[in-house]
Structures are given as structure tokens and as C-alpha cells.
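J.: I have a structure I would like to understand better, so I am pasting it below and will then ask my questions one at a time.
The values are calculated or read from the model by the stated rules, or taken from the named source; none is laboratory data. Predicted model, so just to flag it, every value in this text is computed and none were measured. Note that each Cβ is placed from the backbone with ideal geometry, even for glycine, and that neighbours are counted across all protein chains shown.
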Amino acid sequence: MMRNRSRPAVLVVAAAVGMAWDGPSIAEAQDTYTLDENWPRYPGDMTFEMGTGIAADADGVIYTVSRDIDHWAGHPLAMSRYKGKGTVARWDSSGRFLGTFGDDQEFIGPHSMYVDSRGFVWVVDREGHQVVKLTPDGDAVMKLGEYGVFGDDEGHFNGPTGVAFLPDGRVVVSDGYWNSRLVWFDEDGNYLKEVGGFGTGPGQLAAPHAIALDPAGRLIVGNVCGTALHPYVTAPGQIAPERRRPMPGCVNRFEVFTRDGEYVGPWDGVPEPGLPLSIATHGDRIYAGVTGSQRGRQDLVVVDAETDDEIFRIPNANVYVHQMAMAPNGDIYVASVYPEHGGGARGIEGPSFVRWASDR
């Protein structure tokens, strides 16, 4: 199915299109990506509002999670007619639909998803206030947080946004839409510690929207300065009073912590990201979704993990680069929320999920 995505079909690295370039030359980088206009090939009966998360496994299977029905918690009928719903689907690199996944799960407002090194699939359900670990067969084996119940303690989240996996089995959750913390759990899901807190001081956070462990062992966190984010999906009392006021001195940027939670400082890889929605790593590279040069679009910036130098970027890669997934062959997949903000359509006619195919 051909869709009008309102973006170029072929991308050549930044220097070739006259953008500022401080990294390797074109000859050294040799990074060229083409937008696959036919990925994915949606089944005719598939319906959803927007894409939110995307992940790839070691075999190149792509997982997507969508918000089929957006959540309206403030409505009197929120837990019936207006309760959100999300679905995980699987695809191959050609865009062929491989079926849905984890159908027994009732996600309310999925935000992101991941496949860990052992093939387990993790879904972060923002409005469900849970992080769910699924086997490769789609069976839930661990749930962090209490389903549909918000909080700010060892057993509850308030809008979790992302997950990072540490080499020793620990898991770090960014609890960041209406809390402002990073929470550590052991491999069995037992609470260990948390860092952060609402504020602009060293190590404090506003809304940690994304998190990733880079090859050097640093935790990189996308910190968004919005406070009372998306109040229509929240219940009375869910947003703390201080979060409803402006936050003087807050800067949208990526923050760096050690894997044990010590604050290091702002990340130099993308010093002025605009809106730091997503962060991911693959091999020796870090991938960041940041505000683009074109209104209503975001760039996808690729950074050398050793030097923190920008290697190249895909300008205006999607309306929002809400989450990215890197396939083993080098392809980059993007999930985008609220496509109407960039003039796109919701659902299968819009840019909810796209594939940038590597030409290397």
C-alpha cells in the first residue's frame, strides 16, 4: 500500500545535502538510507490510532506496538468506553505481517517496547503503569508495577516510559511521564533503588522520556521539560500540583548517569536536541531522535559512542522519532506518535511505522 509520507524517498548523509558537518567525510561514512514506502504492508482489517514503540530481534523480526484506542482517563466512562487499548504485531524486513503477539495482554496505553539479549520482549504500558516481560512465545513472565494503578513507591509507577538492561541482569525503568525518577530492579523484578526526583538540580529530572545503556556503560536519558504532560489521559490527583506549574531553568536535553545511578552531566552527543524523545544504541553507535530542521518533523542523529561525535543524521526522519529499532542488517525502523502534528494521517494511512533501509 503506497502512502503519502511527505518526506524524501532517498537520503544521503548530511554533507551531501549542504548541512553542517563536523564528523567524518562522506567517503569515510558511506551511510546512505532509503525510505521504504511499502513498509509495512498492513492487513486490510488492521486499525489503530498511532504507533508508539518498535523493536527488532536477533533474527531481524520487527515488533511494533500501537495504541489502537487512545486513552481518556478524565472521561466519566474512561474505564469502559474510553479505556485505551494497544496491540503488538510482528513483521519481516519486507513488511510482511507475521501476526499479533502477546494477545492475552490488555495494554491500556503502550509507550515503548524492547527485545533483550535473550529474546524476551518487554512492553512499557504508560497508562497501564506497568512494564511487562514476555517470552518469545508471548507469555507474560514478569510484571513490574500494578496494572492501572499509579503511584510513586517501590511497587508502582506513574507513567513509565522506557527500560534499559544492564549486563548483570538488572533492569532500569524510566518512570517519567508523571514521576521523575529512574528505578532499578534485579533480574527477578525486586526493587533495588531509585534516583532522580522532580527538579532542575544535578541528577534531578522533569520527565525522563527515554533511556538506553550505551557501549561505554553510560545510561543516557532523554529529559523532557514538559510537566503536566497529556493531562487528558490522567485521573484526578494523578499529576502532582508542582508539575502543573512552569519549571524555571529546565532544559530539554539528554542526561548521563552511571549504570549505578550516579549523575555524570549532560550528554555531549547532541548538545541541543530540542525535544529529546528517543535514544537507542546498536554496535558502537548511539541513535537519538531530536527536533528536526523542518517544522513538524524530527531528525534521527547517529553518534559515535566512543567520541560522542555526530557521524550523520537522517533529516526529518518522521513526524516524531518516538522510538527506534536497529535491525541486524543495519536498517533503522521508527515508530511515530501523533502524525497529525506533521500533517500526516493516523492509522495505516500515515507514518506510524517506517523503515529506513540501509544501502551499505
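J.: Which residue, of 123, 141, is under 22 Å from residue 50 (Cβ atoms) and not in a loop (DSSP other than H, G, I, E, B)?
T.: Result: 123 is the single residue among 123, 141 that is under 22 Å from residue 50 (Cβ atoms) and not in a loop (DSSP other than H, G, I, E, B).
J.: Got a sec? Which of 270, 337 is in contact with a Phe, Trp or Tyr (Cβ under 8 Å, 6 or more places away or on another chain), in a loop (DSSP other than H, G, I, E, B), farther than 27 Å from residue 217 by Cβ and hydrophobic (A, V, I, L, M, F, W, C)?
T.: Every option except 337 fails the conditions.
J.: Right, next: Output the qualifying pairs, or none if there are none: Cβ atoms under 6 angstrom, residues six or more apart or on different chains, first residue in region 177-204 and closer than 15 Å to residue 161 by Cα and in contact (Cβ under 8 Å) with a residue 24 or more places away in the chain, second residue in a loop (DSSP other than H, G, I, E, B) and of a type in the set (Val, Ile, Thr).
T.: 178/239
J.: Of the residues in region 165-191, how many are in a strand (DSSP E or B), buried (at least 23 other Cβ atoms within 10 Å of the Cβ) and of a type outside the set (Val, Ile, Thr)?
T.: The number of residues fulfilling the criteria is 3.
J.: Same structure again: Give me the residue from region 296-337 that is over 18 Å from the mean Cα position of the chain (by Cα) and without any contact (Cβ under 8 Å) to a residue 40 or more places away in the chain and, out of that set, surrounded by the fewest Cβ atoms within 10 Å (Cβ to Cβ).
T.: The qualifying residue surrounded by the fewest Cβ atoms within 10 Å (Cβ to Cβ) is 307.
J.: Continuing with this model, one more query. Looking at residue 138, is it under 18 Å from residue 64 (Cα atoms), in contact with a Pro (Cβ under 7 Å, 6 or more places away or on another chain) and surrounded by fewer than 24 Cβ atoms within 10 Å (Cβ to Cβ)?
T.: No; evaluated as a whole, the condition is false for this residue.
J.: Just to be sure I understand the filter: pairs with C-beta atoms under 8 Å, separated by 6 or more residues or on different chains, first member in region 105-122 and free of Cβ contacts under 8 Å to residues at least 40 places away in the same chain and of a type in the set (A, V, I, L, M, F, W, C), second member surrounded by fewer than 24 Cβ atoms within 10 Å (Cβ to Cβ) and not in a strand (DSSP E or B). Which pairs pass?
T.: As it stands, the answer is 120/135; 120/136, since those pairs meet every condition given.
J.: Might you let me know whether region 47-56 holds any residue that is surrounded by fewer than 17 Cβ atoms within 10 Å (Cβ to Cβ) and either basic (Lys, Arg) or not in a strand (DSSP E or B) (or both)?
T.: Yes, region 47-56 contains a residue that is surrounded by fewer than 17 Cβ atoms within 10 Å (Cβ to Cβ) and either basic (Lys, Arg) or not in a strand (DSSP E or B) (or both).
J.: Moving on. I'd like to verify a number: residues in region 219-245 that are farther than 19 Å from residue 127 by Cα and part of a loop (DSSP other than H, G, I, E, B), how many?
T.: The qualifying residues number 2.
J.: Tell me which residues, restricted to region 286-312, are outside any strand (DSSP E or B) and either within 19 Å of residue 327 (Cα to Cα) or not hydroxyl-bearing (Ser, Thr, Tyr) (or both).
T.: 292, 294, 295, 296, 297, 305, 306, 308, 309 - these are the residues of region 286-312 that are outside any strand (DSSP E or B) and either within 19 Å of residue 327 (Cα to Cα) or not hydroxyl-bearing (Ser, Thr, Tyr) (or both).
J.: Another one. Just wondering, is there one or more residues in region 284-291 that are touching a residue at least 40 places away in the same chain (Cβ under 8 Å) and among the aromatic types (Phe, Trp, Tyr)?
T.: Yes, that holds for at least one residue.
J.: Continuing with the same structure: How many residues does region 243-286 contain that are at pLDDT 95 or above, exposed (fewer than 12 other Cβ atoms within 10 Å of the Cβ) and among the small types (Gly, Ala, Ser)?
T.: 1
J.: A further question follows. Among the residues in region 33-41, are any under 18 Å from residue 344 (Cβ atoms), among the aromatic types (Phe, Trp, Tyr) and at pLDDT 50 or above?
T.: Yes: one or more hits.
J.: Another one. Please go through region 136-176 and give me each residue that is acidic (Asp, Glu) and under 17 Å from residue 114 (Cα atoms), ordered by number.
T.: 137, 139, 175
J.: Assuming residue 158 fulfils every condition listed in (1) in contact with an Asp or Glu (Cβ under 7 Å, 6 or more places away or on another chain); (2) surrounded by fewer than 18 Cβ atoms within 10 Å (Cβ to Cβ) apart from one, which condition is it?
T.: Of (1) in contact with an Asp or Glu (Cβ under 7 Å, 6 or more places away or on another chain); (2) surrounded by fewer than 18 Cβ atoms within 10 Å (Cβ to Cβ), only one is false for residue 158: (2).
J.: Mind checking which residues of region 78-120 are assigned to a loop (DSSP other than H, G, I, E, B) and under 15 Å from residue 54 (Cα atoms)?
T.: Selection gives 92, 93, 95, 102, 109, 116, 119, 120.
J.: Listed residues 8, 24; which is touching a Leu at 6+ places or on another chain (Cβ under 9 Å) and at pLDDT below 65?
T.: That would be 8, the only listed residue that is touching a Leu at 6+ places or on another chain (Cβ under 9 Å) and at pLDDT below 65.
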